[in-house]
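Structure record follows, encoded as structure tokens.
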Amino acid sequence: MKQPLTITKLKKMKQSGEPISMLTAYDYPSAKLAEEAGIDIILVGDSLGNVVLGYDTTIPVTLDDMVYHTRAAARGAAHTFIVADLPFMTYHLGKETTLRNAARLMQEGHANAVKLEGGAEVAEEVAALVKAGIPVMGHIGLTPQSVHQLGGYRVQGKLEKEAQQLIDDAKALEAAGAFSIVLELVTEPLAAAISSSLSIPVIGIGAGRGCDGQVLVYHDILQYASPYMEKRFVKTYADIGTTIRGAISSYVSDVKSREFPQQAHVFPMEQEVLRQLYGGTKTEAAGSQSPQTEQEGAASADARKGGGQS
Ligand code: KIV
């Protein structure tokens with residue numbers, strides 16, 4: 001059985017140069033498939049606001065949404081390290097609130113760690129969480145919860161002042177006790193420099209090849225109806241959106257043309273039982289056929305009474 005990752009093991013992966021793979025997942029099936037595929041870390045990101053709930057930004061995502069989705073993902077991936085996002089404004093209202101909110105993600109959602117956005121300005125919150133025994137992953141660069149303040153989804157750290165701020169933020173998060181940092185949408189040379197200057201793993205998204213690991217969004221890499229899969233930094237590995245749409249369209253057309261269901265999908269019934277129910281002529285009208293087995297006949301009779309499982 002797979003050994004769940006620990007933050008100690010993650011640090012060792014950085015030291016030995018083994019890249020860390022992280023992928024978002026938001027429910028039981030996505031987390032189960034990610035675990036079966038051997039992912040190192042599952043991130044229940046607040047990107048679920050965009051790709052699962054259909055919002056334009058992550059801002060409307062609530063703590064209840066995060067707890068609900070984290071719990072479902074944790075059920076699907078019991079042997080994988082799960083990080084859950086603290087959503088918008090759940091860690092800016094004082095340390096006590098931050099601690100209580102993070103505790104919900106761990107106690108009710110069964111996350112192993114939490115992630116929050118911001119640099120030096122959230123270092124005190126990070127330190128308080130770590131002091132309480134809650135592992136924290138930082139997130140700097142493009143921080144989607146601040147999209148309106150950043151003026152859109154654009155590459156960060158292109159200018160010297162901005163780059164210096166990112167370096168300082170990364171250092172502040174490390175000093176506050178974060179076990180890892182996500183760097184989003186940052187120029188490749190700056191991301192590489194930040195990664196090599198820290199002792200904790202830096203996981204990049206749109207941050208190039210010099211990071212200690214990579215994270216992408218489940219719906220993006222699978223072309224699963226994601227509005228974001230066209231982004232330059234996303235590599236798509238399958239087109240399940242087209243597969244699902246095609247399958248559903250075949251089902252619709254089978255139902256319309258009565259191609260489905262067929263003999264193999266139905267439960268027959270003994271003629272005699274039908275005769276007892278409806279009498280002679282109605283039996284034929286009911287389209288009865290001899291059951292393949294007695295058990296099937298009984299199941300069918302049950303199903304008609306509303307007691308069947310089918
Ligand atoms: O919410 C999320 O999915 C994230 C990743 C993009 C890093 O924060």
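The values are calculated or read from the model by the stated rules, or taken from the named source; none is laboratory data. Predicted model only: the values in this text are computed from it and were never measured. FYI the Cβ positions are ideal-geometry reconstructions off the backbone, even for glycines, and counts take in every protein chain you see.
Name the single residue that is nearest to the ligand (Cβ to nearest atom) among those in region 127-149 being under 18 Å from GLN165 (Cα atoms) and out of contact with any Phe, Trp or Tyr (no Cβ under 8 Å at 6 or more places or on another chain). Result: HIS139. If only residues of region 194-221 that are without any contact (Cβ under 8 Å) to a residue 60 or more places away in the chain and surrounded by fewer than 20 Cβ atoms within 10 Å (Cβ to Cβ) are counted, the one that is nearest to the ligand (Cβ to nearest atom) is GLY208.
Please verify whether THR57 is touching a strand residue (DSSP E or B) at 6+ places or on another chain (Cβ under 7 Å) and among the polar types (S, T, N, Q), treating the condition exactly as stated. It is false that THR57 is touching a strand residue (DSSP E or B) at 6+ places or on another chain (Cβ under 7 Å) and among the polar types (S, T, N, Q).
Residues that are in contact with a Lys or Arg (Cβ under 9 Å, 6 or more places away or on another chain) and in a strand (DSSP E or B) were ranked within region 170-185; the one that is farthest from the ligand (Cβ to nearest atom) is SER180. Could you pull out the residue among ILE134, ILE194 that is out of contact with any Gly (no Cβ under 9 Å at 6 or more places or on another chain) and among the β-branched types (Val, Ile, Thr)? The unique qualifying residue is ILE134. Exactly one residue out of LEU142, LEU198 is modelled with pLDDT of 95 or more and under 17 Å from THR58 (Cα atoms), and it is LEU142.
When you check VAL83 against the structure, is it touching a His at 6+ places or on another chain (Cβ under 6 Å) and aliphatic (A, V, I, L, M), yes or no? It is false that VAL83 is touching a His at 6+ places or on another chain (Cβ under 6 Å) and aliphatic (A, V, I, L, M).
For region 244-273: of the residues being among the hydroxyl-bearing types (Ser, Thr, Tyr) and under 32 Å from the mean Cα position of the chain (by Cα), which is nearest to ALA225 (Cα to Cα)?
Within region 244-273, the subset among the hydroxyl-bearing types (Ser, Thr, Tyr) is 249-251, 253, 257.
Filter once more, so that each one left must be under 32 Å from the mean Cα position of the chain (by Cα): 249-251, 253.
On the way: SER249: 15, SER250: 18, TYR251: 19, SER253: 21 Å.
Top of the filtered list is SER249.
Would you confirm whether any residue within region 130-138 is assigned by TED's automatic domain parsing to the domain that holds GLY94 and on the phi > 0 side of the Ramachandran plot?
Among the residues of region 130-138, at least one is assigned by TED's automatic domain parsing to the domain that holds GLY94 and on the phi > 0 side of the Ramachandran plot, which makes the answer yes.
For region 154-178, enumerate the residues that are within 19 Å of PRO87 (Cα to Cα) and in contact with a Leu (Cβ under 6 Å, 6 or more places away or on another chain). None - no residue of region 154-178 is within 19 Å of PRO87 (Cα to Cα) and in contact with a Leu (Cβ under 6 Å, 6 or more places away or on another chain), so the list stays empty. Scanning region 225-238 for residues that are away from the ligand (no atom under 14 Å from the Cβ) and either over 18 Å from GLN156 (Cα atoms) or in contact with a Leu (Cβ under 6 Å, 6 or more places away or on another chain) (or both) yields a count of 6.
Would you confirm whether any residue within region 20-37 is crowded, with 24+ Cβ neighbours inside 10 Å and polar (S, T, N, Q)? Yes, some residue in region 20-37 is crowded, with 24+ Cβ neighbours inside 10 Å and polar (S, T, N, Q). Entry remark, region 7-55: residues being away from the ligand (no atom under 16 Å from the Cβ), assigned to a helix (DSSP H, G or I) and of a type outside the set (S, T, N, Q) number 12 in total. Within region 20-32, residues that are closer than 18 Å to GLY206 by Cα sit with their Cβ atoms under 8 Å from residues that are part of a loop (DSSP other than H, G, I, E, B) and near the ligand (Cβ under 9 Å from one of its atoms), at 6+ positions apart or across chains, in these pairs: LEU23/VAL217; THR24/GLY45; THR24/SER47; THR24/VAL217. Checking ALA31, ALA78, ALA72, ALA84 one by one, the residue that is assigned by TED's automatic domain parsing to the domain that holds LEU142 and either among the aromatic types (Phe, Trp, Tyr) or within 20 Å of GLY138 (Cβ to Cβ) (or both) is ALA84 and no other.
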